[in-house]
Amino acid sequence: MSENFDVIVLGAGGMGSAAAYYLSKANQKVLLLEQFELNHQQGSSYGYSRVIRYSYDNPVYVELMRAAYPLWFALQEEAKETLYVRTGGLDFGLPSQPTFAKLRHSMDRAKLQYEHLTAAEAGDRFPQFQFESGMEALYQHETGLLAASKCVLAHTRCAIERGAIFKDRTPVTEIKVGSDSVEVTTPTETYSAGAIVITAGSWAKQLLERQGIELPLKVMPCQLGFFEPDQPAEYEPGRFPVFFAHMNGDYGEMPYGIPSHDGSGLKVTTFYGWNTVNSPAEVDYTPDPDWIERMRGFIARYIPKANGSLVSTRRCLYTMTPDKDFVIDRHREYPHVVFGAGFSGHGFKFTTLIGSILADLALKGETEHDISLFELERFQTVAV
């Protein structure tokens, strides 16, 4: 006989670990399955840091962040460790750049407090940068970093402490969905539950297709570089901000960076601009040395004293939707099948909130948060 649970969660990255945490807080009997080891490096959630910010070019995301920040603070308190580090956030570029103008307009609409700085003013405050004539900057003081791996481990640990069962190195071979239940088969066991939450990252497309849900997802392997500045202390939180450079071209699409954290070195990468593949099986995780040299060109031009030795570099995965907005929804025929996917390289800051939303959808069939932007119907690709 199969072991029975209230809810099974597939995937123990940022979203799945958070969903398991909130389901366990709701006194559910939860099974969390992960095909790799906990905190593995093949997906999207591993590492020293991810950006957390209110400053978004769409007010919908600003409102969601207003709900997410308090949840991070509450998780920190329960986990008894620091997960959020405030750094401040600096968006800079020419004011004519469309992304810069759109961001400022969105923050105004959302009544978000920020400072509008000239290049000279920004340079006086942050002399580590070398801004060009005509550039402007937007500074939002609550931007910061999340200790990514620590967040995943905290959600998972707290879920287990509340009774959740966690099994890593346990791939799913089959999912059978009934009218009011699901059955999940692994190489060694079969488990049943009243509901399932699928948060499988770059592997979600194939899992959801088996349930008649086709999503236009692509996998984008991105590369991260960590550099040792001449004076490392000047590039740590408190002295150096998270930054976004509103520019495209030789460096890729919108280079950005995160201060050194726990000795990581200054993190620099780009939002988008890499080639996509159809599945993780096609991903080459080998870092590209030519990309490092392009990033060095950006650093030399805009953060010249940070262009020291390469501390480390690696690739991780973005799971992209065509519009770069998330997918958070329920199966139309089997509403006890809930899923979150396609977080398009900017989802980690929302993980604790999305975990709570997915838990609500699994238990109540609804959420108090506006997730209409993320509904499946916008793609009109649900199999009949």
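The values are calculated or read from the model by the stated rules, or taken from the named source; none is laboratory data. Everything numeric here is computed off the predicted structure, so don't read it as measured data. A quick note on method: Cβ atoms are made from the backbone with ideal geometry, for glycine too, and the neighbour counts reach across all protein chains shown.
Annotations for the structure displayed:
- Filter result (in contact (Cβ under 8 Å) with a residue 60 or more places away in the chain, touching a helix residue (DSSP H, G or I) at 6+ places or on another chain (Cβ under 9 Å), within 24 Å of Thr352 (Cβ to Cβ) and of a type in the set (A, V, I, L, M)) within the range 63-113: Leu64, Met65, Ala67, Ala68, Leu71, Leu75, Ala79, Leu83
- Long-range neighbours under 6 Å by Cβ, at least six apart or interchain, first residue over 22 Å from Tyr54 (Cβ atoms) within the range 342-371, second among the charged types (D, E, K, R) and not in a loop (DSSP other than H, G, I, E, B): Leu361/Arg330
- Test: Pro289 is over 22 Å from the mean Cα position of the chain (by Cα) and farther than 30 Å from Pro95 by Cβ: yes
- The residue of the range 335-367 that is surrounded by the fewest Cβ atoms within 10 Å (Cβ to Cβ), among those that are under 10 Å from the mean Cα position of the chain (by Cα) and under 19 Å from Tyr69 (Cβ atoms), is His346.
- Among the conditions (1) assigned to a strand (DSSP E or B); (2) modelled with pLDDT of 95 or more; (3) under 30 Å from Asp57 (Cα atoms); (4) not polar (S, T, N, Q), Val311 misses just one, which is (3).
- Within the range 179-231, the set of residues being β-branched (Val, Ile, Thr), surrounded by fewer than 18 Cβ atoms within 10 Å (Cβ to Cβ) and either closer than 11 Å to Ala341 by Cα or touching a residue at least 24 places away in the same chain (Cβ under 8 Å) (or both) comprises Thr186, Thr190.
- Selection from the range 339-361 of residues that are over 18 Å from Tyr46 (Cα atoms) and aliphatic (A, V, I, L, M): Leu353, Ile357, Leu358, Ala359, Leu361
- Test: Ala200 is assigned by TED's automatic domain parsing to the domain that holds Leu358 and in contact with a Lys or Arg (Cβ under 9 Å, 6 or more places away or on another chain): no
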